[in-house]
Amino acid sequence: MLAARVYGKKDLRLVDVPKPEIKAPDDVIVQVKVVGICGSDNHIYRGENPFAELPRVMGHEFVGQVAATGKDVSEVQAGDHVVVEPIIYCGKCYACRQGMPNACAHLKVLGVHVDGGMQEYVSVPFKQIHKIDSKIPWTTAVLSEPYTIAGNSTMRAEVGLGKTVLIQGAGTIGQLALRVAKAKGATVMITDVEESKLEFAKQNGADQIVNVAKEDLKQRVSDWTNGEMANVVIDAVGAVKTFESCLDLASVAGRIVPLGFSEETVQITQKPIMQKQLTICGSRHQAFQFEPIIKAIEHEQLNDNGIVNQQFNIKDVQKAFDLMNEHPEQARKIVLTFD
């Protein structure tokens, strides 16, 4: 069967690999229908992802149809539409015991440490399978995983009714975080330097948009909140400057969620953390977010609505990565299909 595998920096090849077989009683073999290309996949392709183990079949955002199941699997059957949860965890370490399997000491991620969804069939344990209504288009269902990233970050931030949320960065994750925060009842301001991204955010529910290349963000947040500042600040840019600014932009008793994983050193002072009693929350992948996110998609509380704007057949995977790198402004969310 066909697979897209990375062997090294910008060394992406279409290869023929064996089709998986049922080996354990809880195995589920999924025929992949659509796989999304994430920024972290592009980091692997460019040799910039510190977590990836090569060679690797990428793809941690993928959906498909059940092809076969092990003898102990009764909850799904051949033909069911499913979303695959990409994280593999031990269930026994301290993080897992604290209800944070996404921070498992032995965490493995499909498409990063283990071969992922950029292949025609994948075998995964049943616990990583989530059924989704067959009426949901594949190109919408594939957003389940990135929506869980937004779900986890807003959960960590305790986003809820009446809270003011500032999202720095109107890229794909920023846009999804906006939608989830709105669904949870928050009022949201989102920032960027590109007018097209800000206009898209406005169309999708942003209460306030700010072009930080043209406006003073701190002043805008102050005016917006009558001097209180934002109850929640989500940094979906991941740059040193944006993270450092979060302390000034957050209100007293505010919560800050950085979503980037830059290894650059940041300089922050202790005073605002103590004085405002701020909470800075890490957010990695997701924990127990698939079921609520899928239900929200099935009930049309969350949708595609323009996020997926580029589609390529798996045979054209190189063209997809070329577009992402050469014309990123055209690639809000690229998906690969197996038609």
- Going from most exposed to least, what order do Met118, Met1, Met274 have by accessible area with a 1.4 Å probe? Met274, Met1, Met118
- Item | Separation in nanometres of the label points that stand 7 Å from Cα toward Cβ, at Asp339 and Arg97 | 5.1 nm
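What percent do you get for the relative contact order of the chain when only Cα pairs under 8 Å and 6+ apart count? Mind showing how you got there, number by number?
On the way: 753 pairs, mean separation 55.3, N = 339.
The value is 16 percent.
Would you mind counting up the charge near Gln310? Only other residues with Cβ under 12 Å from its Cβ, with Lys and Arg at +1 and Asp and Glu at -1. Show your work: numbers first, answer last.
Working: positive: Lys319, Arg332, Lys333; negative: Asp316, Asp322, Glu329.
For residues surrounding Gln310, the net value is 0.
For a Förster distance of 35 Å, can you work out the FRET efficiency between the beta-carbons of Gln203 and Glu264, rounded to the nearest 0.05? Can you show the working numbers first?
Numbers: r = 33 Å, r/R0 = 0.95.
Computed FRET efficiency for Gln203 and Glu264: 0.60.
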- Message: With θ taken as phi - 60° and the coefficients 6.51, -1.76 and 1.60, list the Karplus ³J(HN,Hα) couplings across segment 150-163 in order, rounded to whole Hz; mark glycine and proline as x.
- Response: 5, x, 5, 5, 6, 5, 4, 7, 6, 5, x, 3, x, 7
- Message: Using a Förster radius of 41 Å, what is the FRET efficiency between Val15 and Thr279 based on their Cβ-Cβ separation? Nearest 0.05, please.
- Response: 0.35
- Query: Taking a quarter of the surface of the convex hull around the Cα atoms of the chain, what do you get in nm²?
  - Reply: 17.0 nm²
- With Rh as the Kirkwood radius over Cα pairs, segment 124-274 has Rg/Rh of 1.00
- How many Å³ per residue does the convex hull of the Cα positions in segment 228-270 occupy? 66 Å³
- Hz values of 3J(HN,Hα) by residue in segment 136-143 - Karplus curve (6.51, -1.76, 1.60), Gly and Pro given as x: 6, x, 4, 6, 8, 4, 5, 7
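Under the 0.36 nm per residue contour assumption, what length would be gained going from the current alpha-carbon distance of Ile22 and Asp248 to full extension?
On the way: separation 226, 0.36 × 226 = 81.36 nm, distance 5.37 nm.
Once the chain is fully extended between Ile22 and Asp248, it gains 76.0 nm.
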- Item | Per DSSP, loop GluC sites (Glu not before Pro) in segment 29-88 with at most 14 further Cβ within 10 Å | Glu48, Glu53, Glu75
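How big is the convex hull of the Cα atoms of segment 1-147, per residue, in Å³? Don't skip to the answer; put the middle values down first.
On the way: hull volume 16.7 nm³, N = 147.
Normalising the Cα hull of segment 1-147 by residue number yields 114 Å³.
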- Query: At a 1.4 Å probe radius, carbon and sulfur cover how many percent of the accessible area of the chain?
  - Reply: 48 percent
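Are there trypsin sites (Lys or Arg not before Pro) in segment 98-206 that DSSP marks as loop and that have at most 14 other Cβ atoms within 10 Å, and which are they?
Working: sites: Lys108, Lys127, Lys131, Lys135, Arg156, Lys163, Arg179, Lys182, Lys184, Lys197, Lys202; in loops: Lys135, Lys163, Lys184.
Here the trypsin sites (Lys or Arg not before Pro) that fit, given the DSSP loop and packing criteria, are Lys135.
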- Each label point is 7 Å from the Cα along the Cα-to-Cβ direction; what then is the distance between the points at Gln330 and Lys295, in nm? 4.1 nm
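The values are calculated or read from the model by the stated rules, or taken from the named source; none is laboratory data. Note that the structure is a prediction, hence the values are computed from the model and not measured. Heads up, the Cβs are rebuilt from the backbone with ideal geometry, glycines too, and the neighbour counts pull from every protein chain shown. Note: accessible area is taken over every heavy atom of the protein model, side chains too, but ligands, DNA and RNA are not part of it. Shrake-Rupley method; radii C 1.70, N 1.55, O 1.52, S 1.80 Å.
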